[in-house]
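Below is one structure; the comments refer to it alone.
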């Protein structure tokens, strides 16, 4: 059976990115730089024979998927299960703000990203339980084809970790810059990572270095 190829894409830079705020389910739009990034991304992937484009239902993912899909005469297929991790009462806060308000909870979360949930939100196990069934359904629907999935830092790292058999405690070792893409080949017996965190050339992002596995 032919392999199924997935272009796994993170959305472009968002508004307020330089402030380093935690955006999970918060529905922020792309920044001006982010819009340039996703247009450049669509141009750089123009020669790839992508037959379908899927996206999280959050605005930043749908905006990022639109140029890639539109250049092929496609509409992005929206999949709510691909949205970013719910960050509960830390949504919209910066790392220093969280550290000041809830230092003990922040320390416990950083010490155990897998099972300790965002207060009022999800943990990585919750995210995996939501993302992976939806992603496997997409793979089954396009067996032997080539597709693009536009999501977020958290879901993308979960998908990549599952493909590589990587423990969730090592998720932060998987780079996921704004508007990056990774390429995974799903064979009958294994998943092969061909490209990881390929950046859009020539467009500098304003965002600081990530502190978390999600965003």
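Miscellaneous remarks
- Long-range neighbours under 8 Å by Cβ, at least six apart or interchain, first residue surrounded by fewer than 12 Cβ atoms within 10 Å (Cβ to Cβ) within the range 176-204, second in a strand (DSSP E or B): 194/183; 194/184; 194/185
- Residue match in the range 155-165 (condition: loosely packed, with under 14 Cβ neighbours inside 10 Å and either free of Cβ contacts under 8 Å to residues at least 24 places away in the same chain or more than 17 Å from the chain's Cα centre (by Cα) (or both)): yes
- Scanning the range 142-181 for residues that are part of a helix (DSSP H, G or I) and modelled with pLDDT of 95 or more yields a total of 12.
- Test: residue in the range 106-129 that is touching a residue at least 24 places away in the same chain (Cβ under 8 Å), in contact with a strand residue (DSSP E or B) (Cβ under 8 Å, 6 or more places away or on another chain) and assigned to a helix (DSSP H, G or I): no
- Matching entry among 103, 96, 80 (being within 19 Å of residue 16 (Cα to Cα) and surrounded by fewer than 16 Cβ atoms within 10 Å (Cβ to Cβ)): 96
- Taken together, the criteria place residue 60 among residues that are assigned to a helix (DSSP H, G or I) and either surrounded by fewer than 18 Cβ atoms within 10 Å (Cβ to Cβ) or in contact with a strand residue (DSSP E or B) (Cβ under 9 Å, 6 or more places away or on another chain) (or both).
The values are calculated or read from the model by the stated rules, or taken from the named source; none is laboratory data. Please read all numbers here as calculations on a predicted model, not as lab measurements. Using ideal geometry, Cβ is built from the backbone for each residue, glycine included, and neighbour counts are taken over all protein chains shown.
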